[in-house]
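See structure below.
Where a number appears in this text, it was derived from the coordinates with a stated rule and is not lab data. Everything numeric in this text was worked out from a predicted model, so none of it was measured. Here Cβ is always computed from backbone atoms with ideal geometry, including for glycine, and neighbour counts include all displayed protein chains.
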Amino acid sequence: MALDPYSVLGVPRTASEAEIKKAYRNKAKALHPDLHPDDNAKMEEFKRVSQAWDILGDKEKKAKFDRGEIDGDGNPAGFAGGYPGGGGGGFPGGGGARWQTRGGGNPFDGAQGDPFEDILGGMFGGGGRRRNPGPQKGRDIRYRVEISFEDAVAGARRRMTMADGTALDVNIPAGIDSGQTLRLKSQGQPSPNGGAPGDALLEVEVRPSNVWERDGKDLRMSVPISLKTAILGGSVEVKTPSGPVTLKVPAGSNTDATLRLRGKGVQTSTPGNLYAKLKIMLDDPADPGLRKWAEGKA
């Protein structure tokens, strides 16, 4: 029996897109094979959760499922609304037979052919069955993956574990952002009749950073400096996604003055910049000498 994706994710049919996404994310994190490498039961449940997300995370598939056009496995569920003159779905006198097709459209347009075609051909002078359209591509599988801020900025190659336990090396392009999707060719479900496998679609979520903020291709951050450095100038070490660099602070700098580190932003073909906003911090606010200076007694 095909799964009910709403039951698998534990959400009602009235759930919003955000509620469905949150439920999938929580279950996928709890069941991920990296956390339970030897637990086959959790592996199978992770597969079911990923399959449910493949339906409910895709607006078109979700709409088809809600209308009863496909089942929880993504397979067409026969004529929507039932056979003309009959009661309910499927074929007259049948048990709601399902036909493997390529994601929607005419449910008889698949490799098994149209069971009414010979009859219609005889009535209208046709020549028998239509040409077999050939092998069908397997279904795509949709995943959600979380990557670090640094990997999104600089790009990386990371090994990720899929729902079936397969570990894949994934190229993360520099500049990718939350909500974008990476496609892994032929890493989806196998074809039901000898065609090419489907693809794996990795929807990316970038973990926020507590050091930098992204502004398009540029990065922004705050850099604390001492009062002495602000007055006399000097050098401070600044952390960038590619490693620490030395930032020269001009004499007479003030809080909120912004200095630019060229090419230290997002590492696309034309790299962005890193903008460092200065924040004056007192080394020792209770320093007696500093107090005398402020009172004009030094």
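Values for this structure:
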quantity	calculated
Cβ-defined net charge surrounding Gly175, 13 Å radius [Lys, Arg +1; Asp, Glu -1]	-3
Label point distance in nm, Lys42-Ile231, each placed 7 Å from Cα along Cα→Cβ	5.8
Net charge over other residues, Cβ less than 9 angstrom from the Cβ of Pro33 (K, R count +1; D, E count -1)	-2
Radius 11 Å from Cβ of Pro5, net charge of other residues (Lys, Arg +1; Asp, Glu -1)	-2
Pairwise centroid distance, computed over Cα atoms, of segment 17-75 with segment 233-249, Å	45
Sequence-distant lysines (8 or more away, or on other chains) whose Cα lies within less than 17 Å of Lys248	Lys228, Lys239, Lys264, Lys277, Lys279
Calculated FRET value between Lys22 and Lys279, using beta carbons and R₀ = 35 Å, to 0.05	0.50
Fully extended contour minus Cα-Cα distance, from Ser7 to Glu213, at 0.36 nm per residue	70.4 nm
Segment 213-280: Rg to Rh, with Rh as the Kirkwood radius over Cα pairs	1.00
Distance (nanometres) between label positions extended 7 Å along Cα→Cβ at Arg158 and Ala286	4.4
Virtual spin-label span in nm between Lys29 and Thr258, 7 Å along Cα→Cβ	3.2
Two-site FRET efficiency, Glu146 against Glu295, from Cβ-Cβ distance with R₀ of 51 Å, rounded to 0.05	0.45
